[in-house]
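Trainee: A single structure is presented below for examination.
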Amino acid sequence: MSDALVLSGSSLSTYLRCGLQWEFAYVKRIRRPPRVRMVIGTATHAAIETNYRQKVQTGQDMPLADVLDAFSDSYDLEIMDVDEYGEDEDIGEAKDQGAALTQIYQEQVAPVVQPVLVEEQIQAEINGIPYSGFLDVTDHNNRIRDTKTTGKRPIGDAYKLSMTGYAVLFRHYSASIESGITLDYLIRTKKPYYLPIEGGPVDDGEIRRFAGVLGGVAGGIDAGSFPPNGLVNGSCSWCGYADLCPAYAAR
């Protein structure tokens, strides 16, 4: 692997989802406009970050109206990059849904979290492989929290890989072990709701699994292997590179 390449949680997930998608994004560096659902996630994160950054100092949450304003400002800025052609979501309705998710988080999650680290970027080497990530929030009890917005209830334990990566980075940064991990899901269904998935400290087995996956992905990239996994897992249906993908065209 090139010394210039630093893997991250998002790039790792992209490669595992579809190697060709990774090649388009990270090798060929072809940029595609974001989808509306991505803008909802970005703007929700921005609002949460705005509140938590000041809460580190004040110990108090911002008024809900101010947090919703932060969401709105971020949404309005990010939505300018969306190509409405081919979108299957109404931009105004999506903004309302995102505002609802932001309110749910502010009312149900924020009051019980006293942040210490907010969007902290950390880089470490794991078995010689550079790995970087942003920790959404780490609280005063050393609990790592990550927020995800999604259109349906999550199934399985797909979150564990990325959360394990965050735990490894936190340990590198703080020289201490996290007290636990929480993935705060904001579910964007007709009636939006909040679903926390919680766990204790990441065990050694999960860390070995993460290191193994990271090594496998790094090895695949070094070998120039970019398998079109999207044909199997269904991610072609929303991939921004589908019109460029020879595997998708030949399906």
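FYI, it's all coordinate maths here, none of it is from the lab. For clarity, every value in this text was computed on a predicted model and none was experimentally measured. Heads up, the Cβs are rebuilt from the backbone with ideal geometry, glycines too, and the neighbour counts pull from every protein chain shown.
Trainee: Report the residue count in region 118-141 for those that are hydrophobic (A, V, I, L, M, F, W, C), without any contact (Cβ under 8 Å) to a residue 60 or more places away in the chain and in contact with a Lys or Arg (Cβ under 9 Å, 6 or more places away or on another chain).
Mentor: The number of residues fulfilling the criteria is 2.
Trainee: Identify, please: which residue in region 1-26 is among the hydroxyl-bearing types (Ser, Thr, Tyr) and outside any helix (DSSP H, G or I) and is, among those, farthest from the chain's Cα centre (by Cα)?
Mentor: Among them, the one singled out is Ser2.
Trainee: Only residues that are surrounded by 18 or more Cβ atoms within 10 Å (Cβ to Cβ) and part of a helix (DSSP H, G or I): list them for region 50-72, please.
Mentor: Across region 50-72, the qualifying residues are Thr50, Asn51, Tyr52, Lys55, Val67, Leu68, Ala70, Phe71.
Trainee: Shifting gears a bit: Got at least one residue in region 44-60 being without any contact (Cβ under 8 Å) to a residue 24 or more places away in the chain, over 21 Å from Gln121 (Cα atoms) and out of contact with any helix residue (DSSP H, G or I) (no Cβ under 7 Å at 6 or more places or on another chain)?
Mentor: yes
Trainee: Could you check, for region 27-34, whether at least one of its residues is closer than 28 Å to Phe210 by Cβ and within 13 Å of the chain's Cα centre (by Cα)?
Mentor: The answer is no; no qualifying residue exists.
Trainee: Still on this structure, please answer the following. So, in region 201-251, exactly how many residues are crowded, with 17+ Cβ neighbours inside 10 Å, among the hydrophobic types (A, V, I, L, M, F, W, C) and closer than 28 Å to Gly128 by Cβ?
Mentor: Count: 8.
Trainee: Please find, among Tyr26, Tyr15, the residue that is crowded, with 19+ Cβ neighbours inside 10 Å and either in contact with a strand residue (DSSP E or B) (Cβ under 9 Å, 6 or more places away or on another chain) or closer than 25 Å to Gly165 by Cα (or both).
Mentor: Tyr15
Trainee: How many residues does region 182-209 contain that are under 20 Å from the mean Cα position of the chain (by Cα), among the basic types (Lys, Arg) and assigned to a loop (DSSP other than H, G, I, E, B)?
Mentor: So the count comes out to 1.
Trainee: So which of Leu64, Leu77, Leu68 is over 25 Å from Val112 (Cα atoms) and without any contact (Cβ under 8 Å) to a residue 60 or more places away in the chain?
Mentor: Of Leu64, Leu77, Leu68, the one residue that is over 25 Å from Val112 (Cα atoms) and without any contact (Cβ under 8 Å) to a residue 60 or more places away in the chain is Leu77.
Trainee: Test Asp96 against the stated conditions and say whether it is without any contact (Cβ under 8 Å) to a residue 24 or more places away in the chain and under 21 Å from Tyr185 (Cβ atoms).
Mentor: Yes; evaluated as a whole, the condition is true for this residue.
Trainee: Within region 175-192, is even one residue more than 26 Å from Ile40 (Cα to Cα), surrounded by 15 or more Cβ atoms within 10 Å (Cβ to Cβ), charged (D, E, K, R) and touching a residue at least 12 places away in the same chain (Cβ under 8 Å)?
Mentor: Yes.
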